[in-house]
Amino acid sequence: MKQAFTEVQKFNQWWLWILLLAVLGIPVYGMFQQLILGEPFGNNPMSDPGLILFFIGTLLIIGLFWYLELRTELDQAGIRVRLRPISSEVFTWDQIEQVEIITYGFVGYGLRFSRKYGTVYNANGNKGLAITLKSGSQYVIGTQNPEGLKQTLLGLKKSGTELNLAGI
């Protein structure tokens with residue numbers, strides 16, 4: 001089925017990438033000093049294989065952040081959210097009590113659990129789609145395109161689902 005709305009967000013905050021690259025600099029400098037110059041790195045130096053493993057581990061963490069992606073899809077069947085490779089949820093319209101576009105305070109990035117908002121999927125910013133299920137469970141999916149989301153929701157309006165779209 002063709003999606004009426006698709007949004008893909010990456011974790012591309014400049015400060016995050018500066019931090020990750022700064023952390024990568026530690027094993028790079030350590031390997032240069034210890035393996036190339038032959039001088040121990042620090043007062044209690046790590047073994048050469050340990051330093052190489054530290055470098056590889058840091059590269060893997062950076063690769064994970066590069067791979068992370070928040071994908072939101074809406075169509076006639078419902079709402080799907082996926083935080084690749086960590087989690088995914090599917091909400092069919094018959095499960096949904098209410099949807100609302102909201103502006104929220106900082107809750108962190110990634111997959112978060114909040115007393116106020118329930119399960120939060122957030123990659124950037126402070127606008128999101130708040131979903132309340134008939135079971136009482138709550139979710140917020142962050143968005144960088146609240147206006148496009150609003151227009152899609154109006155076009156997909158389902159009977160029995162309350163829309164509150166004044167929050168933009």
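Can you name the residue in the range 109-120 that is farther than 15 Å from F65 by Cα and under 13 Å from the mean Cα position of the chain (by Cα) and is also surrounded by the fewest Cβ atoms within 10 Å (Cβ to Cβ) among such residues? Walk me through it before giving the result.
To start, the set of residues in the range 109-120 that are farther than 15 Å from F65 by Cα comprises 112-120.
Narrowing further to those that are under 13 Å from the mean Cα position of the chain (by Cα): 112-113, 119-120.
Values: R112: 15, F113: 10, T119: 17, V120: 22.
Filtering first and then ranking leaves F113.
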What number of residues in the range 1-36 are hydrophobic (A, V, I, L, M, F, W, C), outside any helix (DSSP H, G or I) and modelled with pLDDT under 95? 4
Just to check your reading of the model, which residue among D48, D75 is acidic (D, E), in contact with a helix residue (DSSP H, G or I) (Cβ under 8 Å, 6 or more places away or on another chain), surrounded by 12 or more Cβ atoms within 10 Å (Cβ to Cβ) and not assigned by TED's automatic domain parsing to the domain that holds L154? D48
Could you say whether any residue in the range 121-136 is surrounded by fewer than 18 Cβ atoms within 10 Å (Cβ to Cβ), free of Cβ contacts under 8 Å to residues at least 60 places away in the same chain and aromatic (F, W, Y)? no
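Suppose we filter the range 37-93 for residues that are at positive phi and either part of a loop (DSSP other than H, G, I, E, B) or out of contact with any strand residue (DSSP E or B) (no Cβ under 7 Å at 6 or more places or on another chain) (or both); how many remain?
The first filter runs over the range 37-93 and keeps only residues at positive phi, leaving 38, 42, 78.
From what is left, the residues that are either part of a loop (DSSP other than H, G, I, E, B) or out of contact with any strand residue (DSSP E or B) (no Cβ under 7 Å at 6 or more places or on another chain) (or both) are 38, 42.
Residues in the range 37-93 being at positive phi and either part of a loop (DSSP other than H, G, I, E, B) or out of contact with any strand residue (DSSP E or B) (no Cβ under 7 Å at 6 or more places or on another chain) (or both): 2 in total.
The values are calculated or read from the model by the stated rules, or taken from the named source; none is laboratory data. Nothing here was measured: the structure is a model prediction, and the numbers come from that model. Every residue, glycine as well, gets a Cβ built from its backbone with ideal geometry; the counts of neighbours run over all protein chains shown.
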